[in-house]
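*Asks:* Would you mind keeping the following structure in view while I ask a few things?
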Amino acid sequence: MSNQDPESISNTDIPPAPWHLSGSACASVWRLPTAQLPPAPEGVDYAAFAGNSLVMAVWAAYTGGTAIYDELAIVVPVRGQGMLAMTGTVPCIWVDDPISCAGGRSLWNIPKQMAEFETVGSAYRGTFSGEMQLDGAQVASLRFEPKFEIPGRPSLGGFVVQPGARAPVRTRCSVRGKTLTGKAEWDFAPAGPLGFLADRKPFANLRIWELQASIGI
C-alpha cells in the first residue's frame with residue numbers, strides 16, 4: 001500500500017478509461033430494510049421492494065491490468081427512468097491504492113476512500129480470506145469456503161450510477177470468470193461504517209477467480 005495522498009495525484013497520473021482488471025473477488029448479498037442503509041447518493045434512489053433493498057458487498061483483489069489493488073465495495077440496486085439494464089450505485093468503497101482512489105473519483109464519481117487490506121488466497125481456487133482496517137482498527141473481515149463450481153465462465157454486465165454536477169454519471173461495467181458458490185463468513189465492526197451489516201448473514205455468496213473486469217467501457 002502506498003502512503004501517497006490521493007489528493008496529490010494529478011489527472012495526468014490517472015490511467016484513462018476504460019480500465020481492464022484481472023484477479024479474484026468474492027461477493028455476498030443481503031436483504032435489508034432500506035431505511036437502515038446509508039443515505040443514497042444525491043439524485044439516486046435505491047430500488048426497494050416492500051421496504052427492503054438488496055445490498056451486495058464485493059471484496060476484490062486485482063492483481064493485474066490497469067492497476068493493482070484490493071477493494072471492498074458496497075453496491076445497491078437503483079431505480080430510475082431509462083434504467084433497463086442491471087444498474088447499481090456505490091454508496092461506499094475502500095481501496096489500498098491512491099491511483100485507484102483518485103481515478104475512481106475523477107473518472108466515474110465513485111467515492112473511493114483509502115484503507116489497509118490483507119487478502120489471502122486470492123490467486124487460488126480454494127479459501128479466500130481478508131481483513132480491512134481503517135486507522136489501525138478492523139472494520140471488516142471475510143472468509144470464503146468454496147463448495148460448487150458453476151460450469152463455464154459466466155459473465156455479467158450493467159451500469160454503475162453515481163451523482164454528478166449536472167446529471168447522474170452512468171458507467172458501463174462488465175465482469176467474467178470462473179465462478180464458485182460457497183459459504184462466506186463476514187465480520188463487520190458494529191460501530192464502523194459498515195455496521196449496518198453487522199451480525200447479518202448473506203443469503204447468496206459467490207467467488208470469482210481468473211476474473212476479468214472492465215469499467216468505463
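*Asks:* Based on the mean of other Cβ atoms within 10 Å per residue, sort peptides 176-184, 205-213, 8-16 so the most packed one is first.
*Replies:* The peptides rank, most packed first, as 205-213, 176-184, 8-16.
*Asks:* Starting from the Cα of residue 201, draw a straight line to each of the aspartates and glutamates and keep only those under 17 Å, dropping any in the same chain fewer than 8 residues away.
*Replies:* The qualifying aspartates and glutamates are 145, 185, 187.
*Asks:* Just from its helices, what would the mean residue ellipticity at 222 nm be for the chain, if runs of 4 or more DSSP H residues each count -39500 (n - 2.57) and the sum is divided by every residue, rounded to the nearest 500 deg cm²/dmol?
*Replies:* Mean residue ellipticity, 222 nm, calculated: -1500 deg cm²/dmol.
*Asks:* Determine the sum of side-chain charges near residue 159: Lys and Arg each +1, Asp and Glu each -1, restricted to other residues whose C-beta is under 13 angstrom from that of residue 159.
*Replies:* Result for the neighbourhood of residue 159: +3.
*Asks:* Taking the simple approach of a point 7 Å from Cα along Cα-to-Cβ for both residue 3 and residue 183, what is their distance in nm?
*Replies:* Those two pseudo-labels are separated by 4.1 nm.
*Asks:* For the chain, modelled as a GNM with alpha-carbon contacts under 10 angstrom, which of 156, 72, 32 fluctuates the most?
*Replies:* Top of the fluctuation ranking is 156.
*Asks:* Oh, and also: Whenever you get a sec, compute what percent of the accessible area on the stretch 143-184 sits on carbon and sulfur atoms (1.4 Å probe).
*Replies:* Here carbon and sulfur together make up 54 percent of the probe-accessible area.
*Asks:* Over the stretch 29-132, with every protein chain in place, what whole percent of the accessible area is carbon and sulfur at 1.4 Å, could you tell me?
*Replies:* C and S atoms contribute 54 percent here.
*Asks:* Charges only on Cβ, +1 for Lys and Arg, -1 for Asp and Glu: so what's the dipole of the chain about the Cα centre, in debye to the nearest 20?
*Replies:* In total the dipole reaches around 1040 debye.
*Asks:* With a 1.4 Å probe and every protein chain left in place, work out the accessible area per residue of the chain in Å², rounded to a whole number.
*Replies:* 50
The values are calculated or read from the model by the stated rules, or taken from the named source; none is laboratory data. These numbers come from a predicted model, not from an experiment. Cβ coordinates were reconstructed from backbone atoms using ideal geometry, including for glycine residues, and neighbour counts include every protein chain displayed. Areas reflect the complete protein model, heavy atoms only, side chains present, ligands, DNA and RNA absent. Shrake-Rupley method; radii C 1.70, N 1.55, O 1.52, S 1.80 Å.
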